[in-house]
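What follows is a short report on a single structure.
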Amino acid sequence: MKYELVSGLETHVELSTNTKIFCGCTTDFGGEQNTHCCPICIGLPGTLPKLNQKVVDYAIMAGLATNCEISHISKMDRKNYCYPDLPKAYQISQFDMPLCKNGYIELSNGRRIGITRIHIEEDAGKLVHQRGNTYVDYNRGGVPLIEIVSEPDIRSIDEAREYVEKLQMIMRYIGVSDCKMQEGSLRCDVNISLRPVGSTEFGTRTEIKNMNSFTYMTKAMEYEVSRQAELLDEGKEVTQETLRYIVEENRTESMRGKEDANDYRYFREPDLVTIEVSQEKIDRFKALLPELPDAKFARYVNELGIPEADAGLLVKYRKVAEYFEKASQGVANPKVVANCIIGQIFRRVENETEKEAFDIALSPEYLRDLVLLLDSGKIKMNLLKSTLEKMLDEGKPAADFIKEEDMGGVDADTLKQLCTDAIANNPNAVADYLGGKEKALKSLLGFVMKNSRGRADAVEAEKLLIEMVNASK
Amino acid sequence: MVTREDVLQMARLSKLYIKEEELDALTKDMDKIIAFAETISAAQCEQTNFDNINNLSNVLREDVVVPSYDREEILKNAESQDEGYFLVKRRS
């Protein structure tokens, strides 16, 4: 490609506080329209906003987790614009003194995406356009948001995606937001411009508003990149404008004309006082931060010997990571626990929401006890696997499924006898195997495993079967 | 100097409709208002810290839910409503 993508993102994250940013109304998602409202959040004259302590705390945590400086002094400002989703005709936001600034997120390719600032603000209401009218629901109006503004450091669509995924992971880890794109608690505005490869100047950019799924974000970016490349190829200019992405038609279209160009006339919010954050408080919050996904990933790979791909799957969801850590306590090889989770438990929690909640019947302590049986040589891997399935079905400990006499495996003589029986009872499988069908061995192995009640070591049994079948030629 | 274009721009941002014949008078008025506000620029204030002019900070509330208002109350002053929504003329 002869153009290089230059992209920066503005990410809005809804904070999971109990109440709105300036009043005590609930932030619960999905209530009946206009039932989570009061005179403050519908902007009636004469009301006074009062800032929610938790919003400041959560924003500080978000800043610390993304390597930001925390401002000792910041303030709120009014951002003026006239639209029915804002009953006051201004949004209370932060302009020139944001709570956090100068941070970064590191991508897997080692590149750092700068974070210009993180500020706190109120969300707007929800508009439904129908039958020639606009229906307004202010339940979301006043729900606290942080806006995370990145530097134009992103150079590919993959980087944009990874950046948002990392933000999502970090915000979930520190517990400040559930970051559900489908519910709108994480949404992005994407700035896009192109420039000839090798150039250091920025091209004219467009901004695609309100991307609320990874799939659409990728598609919208792909569309916009090719649209701009075509314009540039034809020697035309890109117009600086705000775009919306039309999902059904996979294209972008201009949202507002030039005459409505942004002119927010920011000024200090006189109804709210200065926000001061002491160094002592910053230090205290820093100490409270949990181990973040990048650090966890490095520890799993370097100290626990988990392969990178598996470590990535384990750290993606905090609850999965916590489960893994509890289940690996005192276990000789944490990789076995990782395999149990990824290979078997994940099959029962397929979608993202289920993995995020990771609400499974089996306690991590029971899984650990099962793996400890393997460590002590009392059971073999295949018995561990089949027992785990039963444990997952019923949420009961291993002892409920493995009898004492099943432990300890089978001795060499018994194994040899089992294999002899298997060969004697399955002449067709033996003939198939000798005829070149390697898969036929599976039925012989199945016979051995079944008749040993899962105690035999599958690897040893397979080795012995091959030996014996070949010898019988 | 406030120009007619400034006034038109402000009107547009505020979604106000201004008649052509009102424009000159409004421009003059606006100019006077700005001139009056300009008085404050004469104040000597290089030494003043504007970060915290009222010497108040961190007036905050606990994150505790307070019951919201009945929807009927919330919609009481709405010019138009339907199915529990505020209703406004369609804007794209």
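Here the condition is being closer than 30 Å to B:ARG90 by Cα and among the aromatic types (Phe, Trp, Tyr); of A:TYR163, A:TYR173, A:TYR138, it holds for A:TYR138 alone. Taking region A:342-375 as the range and being closer than 20 Å to A:MET169 by Cβ and among the polar types (S, T, N, Q) as the test, the residues that pass are A:ASN351, A:THR353. Filtering region A:40-54 to residues that are more than 7 Å from chain B (Cβ to nearest Cβ) and on the phi < 0 side of the Ramachandran plot leaves A:ILE40, A:CYS41, A:LEU44, A:PRO45, A:THR47, A:LEU48, A:PRO49. When A:LEU86 is tested against the conditions (1) touching a residue at least 60 places away in the same chain (Cβ under 8 Å); (2) closer than 22 Å to A:ASN18 by Cα; (3) not aromatic (Phe, Trp, Tyr), the lone failure is (1).
For region A:84-102, filtered to residues that are in a strand (DSSP E or B) and buried (at least 18 other Cβ atoms within 10 Å of the Cβ), the residue that is nearest to the other protein chains (Cβ to nearest Cβ) is A:TYR90.
Please find, within region A:48-83, the residue that is surrounded by the most Cβ atoms within 10 Å (Cβ to Cβ) out of those that are in contact (Cβ under 8 Å) with a residue 40 or more places away in the chain and among the acidic types (Asp, Glu). If we take residues in region A:48-83 being in contact (Cβ under 8 Å) with a residue 40 or more places away in the chain and among the acidic types (Asp, Glu), then A:ASP77 is surrounded by the most Cβ atoms within 10 Å (Cβ to Cβ).
The criterion of being surrounded by 12 or more Cβ atoms within 10 Å (Cβ to Cβ) and farther than 30 Å from A:SER156 by Cα does not hold for A:LYS296.
Checked against the criterion of being among the hydrophobic types (A, V, I, L, M, F, W, C), over 29 Å from A:LEU64 (Cα atoms), modelled with pLDDT of 95 or more and in a helix (DSSP H, G or I), the candidates A:VAL225, A:VAL301 yield just one match: A:VAL225. Of all residues in region A:376-390, those that are in a helix (DSSP H, G or I) have Cβ atoms under 7 Å from Cβ atoms of residues that are aromatic (Phe, Trp, Tyr) and crowded, with 17+ Cβ neighbours inside 10 Å, 6 or more apart or on another chain, in A:THR387/A:PHE401; A:LYS390/A:PHE401.
One line per residue, one yes/no per condition, for (1) touching a residue at least 12 places away in the same chain (Cβ under 8 Å); (2) farther than 30 Å from A:GLY30 by Cα; (3) of a type in the set (Val, Ile, Thr):
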| position | (1), (2), (3) |
| --- | --- |
| A:ASP158 | no, yes, no |
| A:ILE170 | yes, no, yes |
| A:PHE214 | yes, no, no |
| A:VAL225 | yes, yes, yes |
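Note on region A:35-54: among residues that are in contact with a strand residue (DSSP E or B) (Cβ under 6 Å, 6 or more places away or on another chain) and in a loop (DSSP other than H, G, I, E, B), the one that is farthest from A:PRO84 (Cα to Cα) is A:LYS50.
Can you name every residue in region A:439-461 that is in a helix (DSSP H, G or I) and closer than 15 Å to A:ASP411 by Cα?
Scanning region A:439-461 gives A:VAL448, A:MET449, A:ASN451, A:ALA458, A:VAL459, A:GLU460, A:ALA461.
Would you say A:GLU356 is at pLDDT below 85, closer than 30 Å to A:GLN182 by Cα and either touching a Leu at 6+ places or on another chain (Cβ under 6 Å) or assigned to a helix (DSSP H, G or I) (or both)? Yes, satisfied.
Screening A:ASP57, A:ASP28 for residues that are part of a loop (DSSP other than H, G, I, E, B), more than 7 Å from chain B (Cβ to nearest Cβ) and among the charged types (D, E, K, R) leaves exactly one candidate, A:ASP28. Residue count for region A:113-160, restricted to those that are more than 14 Å from chain B (Cβ to nearest Cβ) and assigned to a loop (DSSP other than H, G, I, E, B): 6. Checked against (1) out of contact with any Leu (no Cβ under 9 Å at 6 or more places or on another chain); (2) within 14 Å of another protein chain (Cβ to nearest Cβ); (3) touching a residue at least 24 places away in the same chain (Cβ under 8 Å), A:ILE246 meets all criteria but (3).
Would you confirm whether or not region A:381-402 contains a residue that is farther than 24 Å from A:ILE341 by Cα and of a type in the set (Ser, Thr, Tyr)? There is no residue in region A:381-402 that is farther than 24 Å from A:ILE341 by Cα and of a type in the set (Ser, Thr, Tyr).
Please list, ordered by first then second residue, the pairs with beta carbon atoms under 9 Å, 6 or more apart or interchain, first in region A:265-291 and within 16 Å of A:VAL56 (Cβ to Cβ) and within 9 Å of chain B (Cβ to nearest Cβ), second acidic (Asp, Glu) and outside any loop (DSSP other than H, G, I, E, B). Cβ pairs passing all conditions: A:THR274/B:ASP51.
Rundown of residues vs (1) more than 27 Å from the chain's Cα centre (by Cα); (2) not polar (S, T, N, Q), yes/no style:
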residue	(1), (2)
A:ILE21	no, yes
A:CYS38	yes, yes
A:SER71	yes, no
A:ASP85	yes, yes
A:ALA89	yes, yes
A:GLY103	no, yes
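Here A:ALA424 meets each of (1) within 30 Å of A:PRO334 (Cα to Cα); (2) outside the structural domain of A:ILE345 (by TED's automatic domain parsing) with one exception, condition (1).
Quick one: is A:ILE105 modelled with pLDDT of 95 or more, assigned to a strand (DSSP E or B), within 14 Å of chain B (Cβ to nearest Cβ) and within 24 Å of A:ALA287 (Cα to Cα)? Steps first, please.
Details: modelled with pLDDT of 95 or more: yes; assigned to a strand (DSSP E or B): yes; within 14 Å of chain B (Cβ to nearest Cβ): no; within 24 Å of A:ALA287 (Cα to Cα): yes.
The answer is no for A:ILE105.
Exactly one residue out of A:LYS450, A:LYS439, A:LYS390, A:LYS396 is basic (Lys, Arg) and either within 30 Å of A:SER177 (Cα to Cα) or out of contact with any helix residue (DSSP H, G or I) (no Cβ under 9 Å at 6 or more places or on another chain) (or both), and it is A:LYS450.
The values are calculated or read from the model by the stated rules, or taken from the named source; none is laboratory data. Here the structure is a predicted model, which means the values were calculated and not measured. Cβ: placed from backbone, ideal geometry, glycine included. Neighbour counts: every protein chain shown.
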